[in-house]
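Asker: Handing you a structure now.
The values are calculated or read from the model by the stated rules, or taken from the named source; none is laboratory data. What you are looking at is a predicted structure, and each value in this text was computed from that prediction instead of being measured. With ideal geometry, Cβ positions are generated from the backbone for all residues, glycine too; neighbour counts draw on all protein chains shown. To get the accessible areas, we keep the full protein, side chains included, count just its heavy atoms, and leave off ligands, DNA and RNA. Shrake-Rupley method; radii C 1.70, N 1.55, O 1.52, S 1.80 Å.
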Amino acid sequence: MTTYAIEKTDKKVGIGQIVVGEADSLLTTVLGSCVGVVIYDAKRQIASMAHVMLANSQGRADSPGRFADTAVPAMLEMLRAVGGVSTKYRAKLAGGASMFAGRGPMNIGENNVEAVRRALAGQEIPIDGEHLGGEKGRRVEFACDTGEYRISVAGKDVASI
Amino acid sequence: MSDTPTSRSEQLALLQELFASATRDASEAMNRWTNGMVTLTLDEVRELPLEEVCGELNLSNELMTMIVLTLDGEMGGDMILSFDEKNGRALAASLLGREVCTDPEWNELEQSALNETGNILGCAYMNALTRLVEVELVPSPPHFIQDYGASVLQQALMAQAMYCDKALVCQTHFHRAGEEMDWSVFFVPNEKMRQTMEETLQGVS
């Protein structure tokens, strides 16, 4: 019997960006105190990942992915455009670290996480899994077909949510 | 950020001059610190879209060894000195007069040697900036980090994320015995620092 490995297409999500992926996509990014928010429709195998930098847009509408309060509505709009059904949406979160060992703007990570949670709750999207906090960066990848969110810290795989 | 392209490019050219001078000071300090082993040259001062900074600077999935100095206060910023593992350890060993350590973990002495290197570079840059903006700038003690380059840089970029769509990044390269090393210094000013630098430079021009 021959087995076939299906090559997934890596889609990198830059700082403050929102990217949508379909079944053959692997959404990837690197996070520090930013939060990698994924909203996905498991049945249709589509997902959107936002790389959220800050909690509040303070009225700015031109870079929705950068802020928690504007990222979630923009993600929903993008998912709808590719056939997502809002009643099926679930979310997974990673990131929100306190980088520089708590020096500098240390509560940015926590603020981001809280703002993302509020935005998801406002849209009644349940959170299926989280890997948050700590003092280290994360490399994350979300497989749109399986809904698996894999997290590496310091070059080692540490979690799959 | 609403300047005409011409005045913006003139400002960037002036910033380039400023950082070139700061880099010369830093290079002299580094040259003394490493007994002539290491020198620096300014690569360039660039404005990059926030979304593309990590990709443009080749800071993505790789783990890096970094020294971070933070300028706290209204007029602030972050300076990140990044080393590749092999040459960072060679520098630490050379400064300590020891064999290159082969343990996976950096020991306290090695970290201390690199922290001091960061301190020397940071102070040289801060002195140049102090001369420009005429405000005394005192960086935090250096902080040793091993992590993904992108995760550290994005922390520094947050100070710009609310107000700007482009990040101002000053990138410097290192040379040892004339050979370019895979080390860099990134300086990311916050909004107030950036504004003050630009206003001062407008006065100069």
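Asker: Looking for something open to solvent by less than 40 Å² (accessible area, probe 1.4 Å) and either touching a Leu at 6+ places or on another chain (Cβ under 8 Å) or among the hydroxyl-bearing types (Ser, Thr, Tyr) (or both) - is there at least one such residue anywhere in the range B:95-103?
Answerer: No, because not a single residue in the range B:95-103 is open to solvent by less than 40 Å² (accessible area, probe 1.4 Å) and either touching a Leu at 6+ places or on another chain (Cβ under 8 Å) or among the hydroxyl-bearing types (Ser, Thr, Tyr) (or both).
Asker: So, in the range B:73-103, exactly how many residues are polar (S, T, N, Q) and in a strand (DSSP E or B)?
Answerer: Residues meeting the conditions: 1.
The rows are residues; the columns are (1) over 12 Å from the mean Cα position of the chain (by Cα); (2) more than 14 Å from A:Ala119 (Cα to Cα); (3) surrounded by fewer than 18 Cβ atoms within 10 Å (Cβ to Cβ).
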{"residue": "A:Tyr40", "(1), (2), (3)": "no, yes, no"}
{"residue": "A:Lys43", "(1), (2), (3)": "yes, yes, yes"}
{"residue": "A:His51", "(1), (2), (3)": "no, yes, no"}
{"residue": "A:Asn56", "(1), (2), (3)": "yes, no, yes"}
{"residue": "A:Ser63", "(1), (2), (3)": "yes, yes, no"}
{"residue": "A:Val72", "(1), (2), (3)": "no, no, no"}
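Asker: Identify the residue in the range B:133-151 that is over 27 Å from A:Lys156 (Cα atoms) and open to solvent by less than 30 Å² (accessible area, probe 1.4 Å) and, among all such residues, is farthest from the other protein chains (Cβ to nearest Cβ).
Answerer: That would be B:Val133.
Asker: Run B:Glu62 past the list (1) at pLDDT 80 or above; (2) over 16 Å from the mean Cα position of the chain (by Cα); (3) more than 30 Å from B:Ser9 (Cβ to Cβ) and report the number of the one that doesn't hold.
Answerer: It is condition (1) that B:Glu62 fails.
Asker: Turning to a different aspect of this structure: In the range B:159-185, what count of residues is obtained for those that are among the hydrophobic types (A, V, I, L, M, F, W, C) and either open to solvent by 10 Å² or more (accessible area, probe 1.4 Å) or away from chain A (no Cβ under 14 Å) (or both)?
Answerer: So the count comes out to 9.
Asker: In the range B:186-205, what count of residues is obtained for those that are within 13 Å of chain A (Cβ to nearest Cβ) and under 16 Å from B:Cys54 (Cβ atoms)?
Answerer: Looking only at that region, the number is 1.
Asker: Separate question: What single numbered condition from (1) within 13 Å of another protein chain (Cβ to nearest Cβ); (2) surrounded by fewer than 20 Cβ atoms within 10 Å (Cβ to Cβ) fails to hold for A:Arg80?
Answerer: Condition not satisfied by A:Arg80: (1).
Asker: Moving on. Given the criterion in contact with a Pro (Cβ under 7 Å, 6 or more places away or on another chain), surrounded by 15 or more Cβ atoms within 10 Å (Cβ to Cβ) and within 14 Å of chain A (Cβ to nearest Cβ), identify the matching residue among B:Leu71, B:Leu81.
Answerer: Sole residue among the options that is in contact with a Pro (Cβ under 7 Å, 6 or more places away or on another chain), surrounded by 15 or more Cβ atoms within 10 Å (Cβ to Cβ) and within 14 Å of chain A (Cβ to nearest Cβ): B:Leu71.
Asker: Assigned to a loop (DSSP other than H, G, I, E, B), touching a Ser or Thr at 6+ places or on another chain (Cβ under 9 Å) and of a type in the set (Val, Ile, Thr), is that true of B:Val68?
Answerer: It is false that B:Val68 is assigned to a loop (DSSP other than H, G, I, E, B), touching a Ser or Thr at 6+ places or on another chain (Cβ under 9 Å) and of a type in the set (Val, Ile, Thr).
Asker: Would you say B:Lys86 is open to solvent by 10 Å² or more (accessible area, probe 1.4 Å) and under 25 Å from B:Glu47 (Cα atoms)?
Answerer: It is false that B:Lys86 is open to solvent by 10 Å² or more (accessible area, probe 1.4 Å) and under 25 Å from B:Glu47 (Cα atoms).
Asker: Under the condition of being free of Cβ contacts under 8 Å to residues at least 24 places away in the same chain and assigned to a helix (DSSP H, G or I), which residue from the range B:29-52 is most open to solvent (accessible area, probe 1.4 Å)?
Answerer: Across the range B:29-52, the extreme among qualifying residues is B:Arg32.
Asker: Name the residue that is farthest from A:Ala55 (Cα to Cα), counting only residues in the range B:159-185 that are at pLDDT below 80 and aromatic (Phe, Trp, Tyr).
Answerer: The residue in question is B:Trp183.
Asker: State the number of residues belonging to the range A:133-161 that are at pLDDT 95 or above, surrounded by fewer than 18 Cβ atoms within 10 Å (Cβ to Cβ) and among the basic types (Lys, Arg).
Answerer: Result for the range A:133-161: 0.
Asker: State which residue is most open to solvent (accessible area, probe 1.4 Å) when the search covers only the range A:13-25 and only residues that are at pLDDT below 95 and either under 21 Å from A:Arg117 (Cβ atoms) or within 14 Å of chain B (Cβ to nearest Cβ) (or both).
Answerer: Only one residue tops the list, namely A:Gln17.
Asker: Do we have any residue at all in the range B:43-52 that's within 14 Å of chain A (Cβ to nearest Cβ) and in contact with a helix residue (DSSP H, G or I) (Cβ under 7 Å, 6 or more places away or on another chain)?
Answerer: Yes, there is a match, as at least one residue in the range B:43-52 is within 14 Å of chain A (Cβ to nearest Cβ) and in contact with a helix residue (DSSP H, G or I) (Cβ under 7 Å, 6 or more places away or on another chain).
Asker: So how many residues does the range A:29-75 have that are in contact with a His (Cβ under 6 Å, 6 or more places away or on another chain) and of a type in the set (Ser, Thr, Tyr)?
Answerer: Matching residues across the range A:29-75 total 1.
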